[in-house]
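Okay, structure first, notes after.
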Amino acid sequence: MDGFVLINKPAGLTSSDIVVNFKKHLKAKFNGAKIKVGHSGTLDPAACGLLVLAVGQATRFLQYIKQSNKVYKFQILFGVQTDTSDLEGKVIGKNDAPVDFSRFSTMLGGFVGEITQVPTKFSAIKINGQRAYKLARSGLAQDIQMPARKIMIYQLVCNKTNDAWVSADFIVTSSPGLYVRTLAEDIAKKLGTIGVVSYLERIASDGFSLEDISADGAAAKSTCISDCATYMEYKKNGEKCTLPYTQIPLQHLSSIWPTVCLTARQIHQLRNGQYVEYERAMNISTNYAAVDETGQFCGMVGVRTHASAVSAESVANEARVAKHDNQDDKEHHCQHNNQHNIQGAVIFPLCMIKNYV
C-alpha cells in the first residue's frame, strides 16, 4: 500500500496516536506486514481536522508536500491567558477590562504578509533533540529561548464574533509552520488584552482538504480515490472506537505539483541518478512531478540552469542540496526564490518511485 490517507482527527487524540493506531490497523489488514507510516505535520491534541498520513513509498515524498499552504479555522477567547495558550493549560492571567475593537479590521490587516513568530514552549519544536512541550511539562523549559521564525500569512479573516466580543472566530491561510496559538495571543495583545485558542481545526493542508472526505470517510472528490469508506479502530478512555479514513494514490501528486512529461529512457536515467536535458521552458525555483507518456507519476525532480557536463556525484549533491533547502524552508517557512523560467533546462532526480517499470 503506497499512498496517502486523509483522516479527520477528533480532538483528544495526538497525531502520534493516529500514526500508531494506523500502523496496527495495517499490520492486521496485511497479515503482520510492517509498513512505514508518517504524517505531514503535527496537529495539537486539543485540535481537530485534517491529518495527512503517508504510507509506504509516500513517506519519501513527505518533505515536499509539507511545503504546501495550510488553512485553519480557530476561535479566540478574550480576557484569559494560560501557560499553553489554549484551554488545556493552567490559567495564568485574566483581564476583564473592556476592549476597543474600533480598529479591529485594520489591526487584522497588519498580520497579513510576512510576520515573525516566537512559538510557545508547549510546542512540538525540538530543543537540543527534545520536544519543547516535554521540557515545558517537566519544568525544564524556563530558561529556554524559543527560536523566532518567519511565517507568511496570505489571508486572515474574522467571520464571526459574539455580541459582547468575548470571543471571535477566524480563518487563516498561511505557509507551513504557523503556530495558531501564538497568532491568537498576538492578536489579543494588539487589541490591548489577552486571549487563548478555544477551538482549532485544520481544514486544508498539503494540497488536500476536509472537502476531500465526507463524514463516513467516503470521497467527496472521487477522481483521486482508490479505496474509500474504510475504518480503523482505536481505543479512547478504554472504549473501542472507529475512525473513517480515505485513501489517496501516489498518482494524485501529479495534480498537486506542476508536471513534466518524460520518455521511458529519461525516466530510466533519472532513476539511475543521471540528469536529463529538457527543451521546455521551466521554472528553476520549482520542483516538478515527473510523469511518463501515459501520465503515470514516476517521482519528483528538480531543475538546473544549463546542461554542462555534470558528474553523477554532483547530481547527487544537487539532490542533497535541494533536500536541505526544503528542510530550511520547513524551519523558516518563507521562500524568497528568484522566479524565472529558462529554456533548455537540465532535470535531476530528487525522489523517484522504486518500483516504476
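Quick note: the coordinates plus some simple rules give every number you see, no bench work behind them. Treat the numbers as computed from the prediction; the structure is a model and nothing was measured. Note: ideal-geometry Cβ built from the backbone for every residue, glycine included; neighbour counts use all protein chains shown.
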Ranked packing of 148-157, 88-97, 196-205, 242-251, most packed first, by mean Cβ within 10 Å: 196-205, 242-251, 148-157, 88-97
Amide H contacts of Ser167 (H built 1.01 Å from N, under 5 Å, at least 5 apart or other chain): Phe78, Asn162
Karplus (6.51, -1.76, 1.60) ³J(HN,Hα), θ = phi - 60°, over the stretch 183-199, in Hz, Gly and Pro reported as x: 4, 4, 5, 5, 5, 4, 4, 4, 8, x, 9, 10, x, 9, 7, 9, 7
Karplus 3J(HN,Hα) series, Hz, for the stretch 70-77 with 6.51 cos²θ - 1.76 cosθ + 1.60 (x for Gly, Pro): 10, 10, 10, 10, 8, 10, 9, 9
Alpha-carbon centroids, the stretch 41-89 and the stretch 226-300: separation in whole Å: 22
Pair Phe101, Thr116: separation of 7 Å Cα→Cβ label points (nm): 3.1
Cα gyration tensor, the stretch 258-297 - rounded (a/c under 1.5), prolate or oblate: oblate
Net lengthening on full extension, Gln269/Phe30 (0.36 nm per residue, minus Cα-Cα): 82.7 nm
Overall form of the stretch 1-128 per C-alpha gyration tensor (a/c, 1.5; a/b vs b/c): prolate
Asn159 paired with Tyr231, simple spin-label distance in nm, labels 7 Å along Cα-to-beta-carbon: 3.0
For His268, net neighbour charge (Lys/Arg +1, Asp/Glu -1) across residues whose Cβ lies under 15 Å away: 0
Cβ-based net charge around Glu277, under 13 Å, with every Lys or Arg adding one and every Asp or Glu removing one: +2
Extension gain from Ser255 to Lys150, taking 0.36 nm per residue of separation minus the Cα-Cα distance: 35.0 nm
Net charge of Cβ neighbours under 11 Å - reference Gln117; Lys, Arg +1; Asp, Glu -1: 0
